[in-house]
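Okay, structure first, notes after.
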Ligand code: DAT
Ligand code: MG
């Protein structure tokens, strides 16, 4: 089953939005497969955001993501990568559609609250960067048959 990597960034943790974000994924029916809280180390941040290394905002982005604890999660379900990106909204909260997480809780592109993998390949890479073997769990939920036929 498809999985995605979702991370509540340090601003989301500081602002008390962890529960709100988890609740949205839970209520939609996705399955929580991994969850932990930690502070991202600079080396890991630079790998995670490696595609942006040459961008002018890179240093600020690394400083932001390493500035405090994050909550990292693996969510699982049909088409979860693309669906989660829609739930997050556009990268810039000013451009995000109403009702999305970034539009509901954010104002500034440099404080956009939450990360979500942009493709299934990115999800695999990001999950393996942040989670060790055994930290992503496989289990059955009795409710699954009521979520997808
Ligand atoms: P996303 O997080 O939606 O996948 P991205 O991968 O293009 O967006 O960029 C990663 C993060 O970098 C993004 O969440 C916020 C920051 N960022 C992107 N573009 C930016 C810009 N033009 N100015 C400042 N920060 C930016
Ligand atoms: Mg991205």
How long is the gain from residue 82 to residue 118 if the chain were fully straight, where each residue apart is worth 0.36 nm and the alpha carbon distance is subtracted? 12.2 nm
Using R₀ = 22 Å, calculate the FRET efficiency as 1/(1 + (r/R₀)^6) where r is the Cβ-Cβ separation of residue 142 and residue 1; round to 0.05. 0.85
Full-extension gain in nm, residue 109 to residue 26, via 0.36 nm per residue minus C-alpha separation: 27.3 nm
Rounded if a/c is under 1.5, else prolate if a/b beats b/c, else oblate: with a ≥ b ≥ c from the C-alpha gyration tensor eigenvalues square-rooted, which is region 91-149? oblate
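For the chain, what is the mean residue ellipticity at 222 nm derived from helices alone (per DSSP H run of n ≥ 4: -39500 (n - 2.57); sum divided by total residues; nearest 500 deg cm²/dmol)?
Working: 7 runs with 56 residues, N = 149.
Rounded to the nearest 500, the figure is -10000 deg cm²/dmol.
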How much length is gained on full extension from residue 91 to residue 15, taking 0.36 nm per residue of separation minus their Cα-Cα distance? 25.5 nm
If I model a spin label as a point 7 Å beyond the Cα along the Cα-Cβ vector, how far apart are those points for residue 57 and residue 129 in nm? 1.6 nm
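Quick check on region 1-52: take the gyration tensor over C-alpha atoms, sort the square-rooted eigenvalues as a ≥ b ≥ c, and tell me if it's rounded (a/c under 1.5), prolate or oblate. Don't skip to the answer; put the middle values down first.
On the way: a/c = 2.41, a/b = 1.40, b/c = 1.72.
Oblate, since a/c reaches 1.5 and b/c is not below a/b.
Taking N as the number of residues in the chain, what is its Cα Rg relative to 2.2 N^0.38 Å? Display every interim value, and only then the final one.
Numbers: Rg = 14.9 Å, N = 149, 2.2 N^0.38 = 14.7 Å.
The value comes to 1.01.
All of the numbers you see were taken from the coordinates with simple rules; none came from a lab. As the structure is a prediction and not an experimental result, all values here were calculated from the model. Cβ atoms come from the backbone with ideal geometry, glycine included; neighbour counts cover every protein chain shown.
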